[in-house]
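The values are calculated or read from the model by the stated rules, or taken from the named source; none is laboratory data. Just so we're clear, the structure is a prediction, and the values are computed from it rather than from any experiment. Neighbour counts run over all protein chains shown; Cβ positions are idealised from the backbone, glycine included.
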Amino acid sequence: MRADRGDGARRSAAGARVLSTDPDVESAGLGAGYAPVANMLRAPDIAVGNVPDRPGWIPDVPPLAVEYAGVGQDEELLQRKIADFLGRGTKWIWVVRLNTPRRVEVHAPGVPAVVHHVGELLEAPGILRNAVPVEAMFDDDVADKMTLRNLLQRAGYESLEAVRNEGLAEGIAEGKAEGKRATLSAQLRKRFGTLTADVEAALAAADERALDSAVLRIFDATSAAEVLGPSH
């Protein structure tokens with residue numbers, strides 16, 4: 001990618017968001033510098049894997065490297081970088097072509113490059129958990145959607161809908177507990193009169209299971225504190 005072009009810089013930021021947040025990715029970086037052998041320095045636009053948090057050139061190579069190629073791309077240099085990375089252990093290189101039509105070339109050792117177009121998916125088994133839509137590598141809106149998916153998965157959710165459903169279930173459960181608490185409070189006041197501060201606090205802290213147990217004790221207990229347990 002030529003350093004004087006804003007399109008590649010912005011698009012690579014979109015791709016980096018998606019790749020770095022994949023749930024199986026432990027490290028990724030923009031412009032990470034590699035020195036796989038003496039006198040060879042290479043810096044892919046995005047590196048996924050083998051991006052340590054320390055100064056200096058990084059030994060070896062990343063398992064997945066991404067290059068952005070736009071108008072004015074030096075093809076000879078690009079092909080040399082591809083050969084150098086693949087020859088020293090990189091499993092995949094994705095070349096994101098920003099000229100029309102936008103597409104991604106996937107390079108792997110020993111096989112011809114495969115071109116993927118908008119609407120198709122990119123995969124890197126063993127490196128990425130999720131397939132990546134081609135357009136997520138350069139379209140901010142698609143990149144944001146894929147990034148949100150990845151972040152939700154990192155938090156243990158498969159989708160935003162799963163988060164909503166969990167919140168709804170918790171709300172229903174809380175509503176049930178509040179209803180039981182209000183009913184029990186009314187019954188205690190009816191039988192024992194004004195409740196002490198300790199009983200009020202115990203009632204407020206009781207979960208749904210404790211409230212269910214308290215209801216069973218209300219008719220045999222001799223005090224409101226006894227209903228809520230022997231410690232109250």
Every residue from segment 21-63 that is over 27 Å from A136 (Cα atoms) and either small (G, A, S) or assigned to a loop (DSSP other than H, G, I, E, B) (or both): A35, A38, N39, R54, P55, G56, W57, D60
Any hit, segment 146-165, residues being touching a helix residue (DSSP H, G or I) at 6+ places or on another chain (Cβ under 8 Å), part of a loop (DSSP other than H, G, I, E, B) and among the β-branched types (V, I, T): no
Boolean, V114 is assigned to a strand (DSSP E or B), within 28 Å of the chain's Cα centre (by Cα) and either at pLDDT below 95 or among the hydrophobic types (A, V, I, L, M, F, W, C) (or both): yes
Pick from segment 110-145, criterion out of contact with any strand residue (DSSP E or B) (no Cβ under 9 Å at 6 or more places or on another chain) and over 17 Å from S20 (Cα atoms), ranking: surrounded by the fewest Cβ atoms within 10 Å (Cβ to Cβ): G110
Selected residue (criterion: surrounded by the most Cβ atoms within 10 Å (Cβ to Cβ)) from residues of segment 87-97 that are in contact with a strand residue (DSSP E or B) (Cβ under 6 Å, 6 or more places away or on another chain) and assigned to a loop (DSSP other than H, G, I, E, B): T90
Pairs, first within 19 Å of V132 (Cα to Cα) in segment 148-164, second in a helix (DSSP H, G or I) and modelled with pLDDT of 90 or more, C-beta under 6 Å, six or more apart: N150/T21; L151/T21
Of all residues making up segment 99-109, the number that are surrounded by fewer than 20 Cβ atoms within 10 Å (Cβ to Cβ), in contact (Cβ under 8 Å) with a residue 24 or more places away in the chain and touching a strand residue (DSSP E or B) at 6+ places or on another chain (Cβ under 7 Å): 1
